[in-house]
Amino acid sequence: MSIIRAKGLTKRFGDLVAVAGIDFDIQEGECFGFLGPNGAGKTSTIRMIYGASPVTAGEVWVNGKDVRRCPREIKAAVGVVPQENNLDPDLSVIQNLLVYARYFSIPGAIARDRAREVLELLQLWDRRDSHTESLSSGMKRRLVIARGLINQPKVLILDEPTTGLDPQARHMVWQKLRQLKAQGVTLILTTHYMEEASHLCDRLAILDKGSVLVTGTPSEVISQYVGEEVLELAPRPEGREAIVSWLEQHGLETELVEDMIYVFGRDSSGLPQPPGVFDKVVRRRATLEDVFLRLTGRALRE
């Protein structure tokens, strides 16, 4: 059953179209990812979902309610983990949660019980009386996630939840998010980490320039746009044209990026070894990052 549904969802800032009439649905209890380069429309989309930014056109429904007509009810059912660690530095760890609970009119005794529950979940209970400025960046990030859970949301929106975390902290956060999903919480994730999306997302949408390029499971989009394997070739300059010609003759899917040639195949038999002299030859499994770069390009965006 869809817990979130959007049709023709549009966001404009003056002449700038940030989200260009997109459609999507998110099923209850799944982890759905929005992927895309900077400026693709990811954050604008999720801000409209929980009513932080008004919808310019189209519609979005959350838990059966129109976000335009029922913003208070939707905000009560949604937890939000923003990109920035916007904690109050003057308050302790547990005070940050208790103060935030007031926005949802949660009674004090219930708020304290919930604060303990989420701090134990994120392994922060022993730091409950510490001021946030004394926490590591990983602890701050976990506290922001804990704060997003204080209202026991049906939907948890996570905007770049593990940015800046070391691998150990990132995997710990992934484990906790999987626990929440197992409890029935619907997760909406934006991330630049393709490995994160592959690990967590049941389905995902890749956005670029405000439009949805593809939707599906990670394995589906990899199979559709890349195949099973990728061959990375760095031919010597004198043999580059001959290699490109050979690849074209064999009808292989290729992408030329500066001095590198990427060859995509459906299976091992679809990737014969081309003749020539190379500085580098790597045969590997295709990944979600390959799909991302094929669809959105490899040029750096600020």
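The values are calculated or read from the model by the stated rules, or taken from the named source; none is laboratory data. Here the structure is a predicted model, which means the values were calculated and not measured. All Cβ positions, even for glycine, are placed from backbone atoms using ideal geometry, and neighbour counts span all protein chains on display. Please note that ligands, DNA and RNA were not included when accessible areas were found on the heavy atoms of the full protein model with its side chains. Shrake-Rupley method; radii C 1.70, N 1.55, O 1.52, S 1.80 Å.
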Fill in the blank from the handout: Once both label points are put 7 Å beyond Cα along the C-beta direction, the ALA109-ARG240 separation in nm becomes 7.4
Handout entry: Solvent accessible area, Å² - TRP61, 1.4 Å probe, full protein context
Key = 70
Handout entry: Accessible area of the stretch 1-151 divided out per residue, in Å², using a probe of 1.4 angstrom
Key = 47
Practice task
Could you tell me how many degrees, from 0 to 90 and to the nearest 10, lie between the Cα long axis of helix 137-148 and the main elongation axis, the longest principal axis, of the Cα atoms of the chain?
Solution key: 60
Handout entry: Two-site label geometry, GLN95 and ALA57: point separation in nm, points 7 Å out along Cα→Cβ
Key = 4.9
Completion exercise
HN-Hα couplings for the stretch 57-70 via Karplus (6.51, -1.76, 1.60; θ = phi - 60°), in whole Hz with x for Gly/Pro, come out as 7, x, 8, 9, 10, 10, 6, x, 10, 6, 5, 6, 9, 10
Exercise for the section: State the antiparallel share, in %, of DSSP beta bridges confined to the chain, rounding to the nearest 5. Expected result: 70
Practice task
Match the structure shown to one of the listed values (i) 33, 24, 17; (ii) 38, 22, 17; (iii) 42, 23, 16 of semi-axes √(5λ) of the Cα gyration tensor in Å, computed from it, and give that label.
Solution key: (iii)
Practice task
Report, in degrees rounded to the nearest 10, the 0 to 90 angle that the Cα long axis of helix 167-182 makes with the longest principal axis of the chain.
Solution key: 70
Fill in the blank from the handout: For the chain, the longest principal axis of the Cα atoms and the Cα long axis of helix 108-121 enclose an angle in degrees, to the nearest 10, of 30
Handout entry: Cα-projected label distance for ASP279 with GLN83, points at 7 Å along beta-carbon direction, nm
Key = 3.4
Exercise for the section: With a 1.4 Å probe and all protein chains in place, put PHE104, PHE292 in order of accessible area, largest first. Expected result: PHE104, PHE292
Problem - Heavy-atom accessible surface of the chain: percent carbon and sulfur, 1.4 Å - result: 48
